[in-house]
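The structure appears below as structure tokens.
The values are calculated or read from the model by the stated rules, or taken from the named source; none is laboratory data. Nothing here was measured: the structure is a model prediction, and the numbers come from that model. Cβ placement follows ideal geometry from the backbone for every residue including glycine, while neighbour counts extend to all protein chains displayed. Ligands, DNA and RNA are excluded from the accessible area calculation, which covers all protein heavy atoms including side chains. Shrake-Rupley method; radii C 1.70, N 1.55, O 1.52, S 1.80 Å.
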Amino acid sequence: KRLKNITQSLLLLSQADAGRLPTNPATYDLSADLSRLIEDGEILCEQAGLELEHHIEPGIIIHADRSLMRQVFQNLLSNAIKYNRPQGRVTLRLAIQDTQSVFTVSNTGPAIPAENQSRLFERFFRGDSAHNRQTDGFGLGLNIAIELARANSAELRLVSSREDETVFELRMNE
């Protein structure tokens, strides 16, 4: 299963590298679509002993490939849960800022070291030390997320990471 996941991820990334990532953009209600992510998040957070907060502005419409964007949101949520502290919190927000839809995910995990922050979106980069790893993964999640965001004319970035809060932001055009 792990090998299949790696293979699928690498195929997706090679298509993105070649500018041949198949997209099927459509106009849809992102606010409504995020309800599935929130349901998944509630289950996963409960299993991990975390609290999930969400503040989703209703009626936000975007034009993007729904399935690719879902993968971006799922990768961000997965990381927020995976790299959190015990009894921590994950917060999801969606709002309009200026003329863009802005999705943020924050968690109460430890700060990402400053020397790792510029490398977070690199393929296969894992900021935790190999002997100290307590999480599964291949170092592809954020790289896939940023490539899928770009394919949908969206911008994904790390906003901040300080002790007890890390925030990622995804800006999408309406």
Are any residues in segment 16-56 β-branched (V, I, T) and part of a helix (DSSP H, G or I), and if so, which ones? I38, I43
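Would you check if there is a residue in segment 113-128 being open to solvent by 20 Å² or more (accessible area, probe 1.4 Å), among the aliphatic types (A, V, I, L, M), over 22 Å from M172 (Cβ atoms) and out of contact with any Leu (no Cβ under 6 Å at 6 or more places or on another chain)?
Yes, some residue in segment 113-128 is open to solvent by 20 Å² or more (accessible area, probe 1.4 Å), among the aliphatic types (A, V, I, L, M), over 22 Å from M172 (Cβ atoms) and out of contact with any Leu (no Cβ under 6 Å at 6 or more places or on another chain).
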Among (1) closer than 22 Å to S101 by Cβ; (2) at pLDDT below 90, the one test that I38 misses: (2)
Verdict on Q74 being modelled with pLDDT of 90 or more, in a helix (DSSP H, G or I) and over 18 Å from the mean Cα position of the chain (by Cα): no
Name every residue in segment 43-83 that is touching a Pro at 6+ places or on another chain (Cβ under 9 Å) and open to solvent by 30 Å² or more (accessible area, probe 1.4 Å), in order of residue number. A48, G49, H63, R66, Y83
